[in-house]
Amino acid sequence: MADIHPDVLTIVLRHSTRTNEDNFMSWKRQLRLLAVNREWRRLALPLVYRTMYVQFKFNHYAAGPYMADEAQTNAQLIGSGGFAGLVRELIVHGDHLHSPVEPLDGIARMLAGVQAQWPGITSLVTVD
C-alpha cells in the first residue's frame, strides 16, 4: 500500500469519506481508514474529522413530544483529540421530527453555545 501515489490515495480517501450515508455510524466506520498506516492517517485525518455529527433520537412519549432522550455525537472525540480545527461541517439528524420548528429551535440554542468552540464550521445540515 505504500506504493500508491499520495494524489491517487487522496482521491480514494475523499471518495471513501463522502458516502451517501451521512450519519454517525457511517463516520465510525471511517475511523478504520486512520489505522491502515501513517500515510493513510496523515491524508485521512482532515477528511474524517471534517464533519461533526449530532444524531438525536426523539421520544414522543416523554413529558413533551419533542424531548430528545438520546444523542450520538463525535464531538467529544473530536474535541478531546485536538481535531476541532479540522471541522467544517455539522450534520444534525433528528429521527421522526414532526415539527419543523420546535426541534430546530433547540438545535439552534445548542449551536449558539458551542459556536466559539467550533469556529471552522461553515456548513450546517439538518436531516430528518
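So Arg32 passes all but one of these: (1) under 17 Å from Val87 (Cα atoms); (2) modelled with pLDDT of 80 or more. Which condition number does it fail?
Only one criterion in (1) under 17 Å from Val87 (Cα atoms); (2) modelled with pLDDT of 80 or more is unmet by Arg32, namely (1).
Take region 42-57 and flag every residue that is within 13 Å of Phe83 (Cα to Cα) and without any contact (Cβ under 8 Å) to a residue 40 or more places away in the chain.
Of everything in region 42-57, those that are within 13 Å of Phe83 (Cα to Cα) and without any contact (Cβ under 8 Å) to a residue 40 or more places away in the chain turn out to be Arg42, Ala44, Leu47, Val48, Tyr49, Arg50.
In region 16-27, is there at least one residue being open to solvent by 80 Å² or more (accessible area, probe 1.4 Å), of a type in the set (Ser, Thr, Tyr), at pLDDT below 85 and part of a loop (DSSP other than H, G, I, E, B)?
no
Checking Val54 against (1) out of contact with any helix residue (DSSP H, G or I) (no Cβ under 9 Å at 6 or more places or on another chain); (2) modelled with pLDDT of 75 or more; (3) more than 30 Å from Ile4 (Cα to Cα), which single condition isn't satisfied?
Answer for Val54: the failing condition is (1).
The values are calculated or read from the model by the stated rules, or taken from the named source; none is laboratory data. This is a predicted model, so every value here is computed, not measured. Here Cβ is always computed from backbone atoms with ideal geometry, including for glycine, and neighbour counts include all displayed protein chains. Note: accessible area is taken over every heavy atom of the protein model, side chains too, but ligands, DNA and RNA are not part of it. Shrake-Rupley method; radii C 1.70, N 1.55, O 1.52, S 1.80 Å.
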